[in-house]
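Please read the structure below before turning to the comments.
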């Protein structure tokens, strides 16, 4: 299959948390700057985030849908050659966008939503009106393989950074769609409960499905932090 080369690029605490009080510490701040530097050096075509993370970025804005929206079918590519894409997983159609352009970390990007066939037509019509691209990946549940194939074929995305949250990270890893793990480990923990973890099983799935990695690189970085780079055992050749 033709799909992007996917790097899961994450900053976490010592106990695998990717958000929470630890992010406000000096050591995590030092690592956050290194995280941004490495992300820039990777020069990816797209950055992907899960629904919860996208809601935080958009200040929990909700879409205003029209009751008389026309029925729409298929994918929608408002732009197919952007310098950077922001890819949002949003199968229920919950995220409100002002336009198809979103500034992420100081860079303008074109928004692509990943939906399913069960996402309301009114939301799809809303995205078209706002100039937000979207792909349909799965009937009721997200099909990670289809999503990646369409991001490659419709938008020419060859390298994608998967940046959380934990459910998105695990869903694509479990589906064999993650090739590399780029992990910055901050020397701090807050012991908090309920914070998002690096890899989180979706609610309702109780059986684990282990995925092994091969260590490629270790490096002391930032304020006593550690940079770890792994290849997933299912990795494809790097582009």
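The values are calculated or read from the model by the stated rules, or taken from the named source; none is laboratory data. Note that the structure is a prediction, hence the values are computed from the model and not measured. Every residue, glycine among them, receives a Cβ derived from its backbone with ideal geometry; neighbour counts consider all protein chains shown.
General remarks:
- Residue in region 136-153 that is in a helix (DSSP H, G or I), in contact with a helix residue (DSSP H, G or I) (Cβ under 7 Å, 6 or more places away or on another chain) and modelled with pLDDT under 95 present: no
- Subset of region 104-118 that is modelled with pLDDT of 95 or more and closer than 15 Å to residue 49 by Cα - its residue that is surrounded by the fewest Cβ atoms within 10 Å (Cβ to Cβ): 109
- Total residues in region 110-132, condition within 13 Å of residue 93 (Cα to Cα) and in a strand (DSSP E or B): 4
- For residue 157: the one exception among (1) exposed (fewer than 15 other Cβ atoms within 10 Å of the Cβ); (2) under 18 Å from the mean Cα position of the chain (by Cα); (3) at negative phi; (4) touching a residue at least 60 places away in the same chain (Cβ under 8 Å): (1)
- Which numbered condition residue 151 misses (of (1) in contact with a strand residue (DSSP E or B) (Cβ under 9 Å, 6 or more places away or on another chain); (2) on the phi > 0 side of the Ramachandran plot): (2)
- Boolean, residue 127 is assigned by TED's automatic domain parsing to the domain that holds residue 101, buried (at least 21 other Cβ atoms within 10 Å of the Cβ), within 22 Å of residue 85 (Cα to Cα) and more than 16 Å from the chain's Cα centre (by Cα): yes
- Looking across region 157-176, the residues that are at pLDDT below 95 and assigned to a loop (DSSP other than H, G, I, E, B) come down to 164, 165, 175, 176.
- Being under 29 Å from residue 201 (Cβ atoms), in contact with a strand residue (DSSP E or B) (Cβ under 7 Å, 6 or more places away or on another chain) and surrounded by fewer than 20 Cβ atoms within 10 Å (Cβ to Cβ) holds for only one residue in 90, 75, 143, and it is 75.
- Filter result (crowded, with 24+ Cβ neighbours inside 10 Å and either farther than 15 Å from residue 88 by Cβ or without any contact (Cβ under 8 Å) to a residue 24 or more places away in the chain (or both)) within region 160-171: 166
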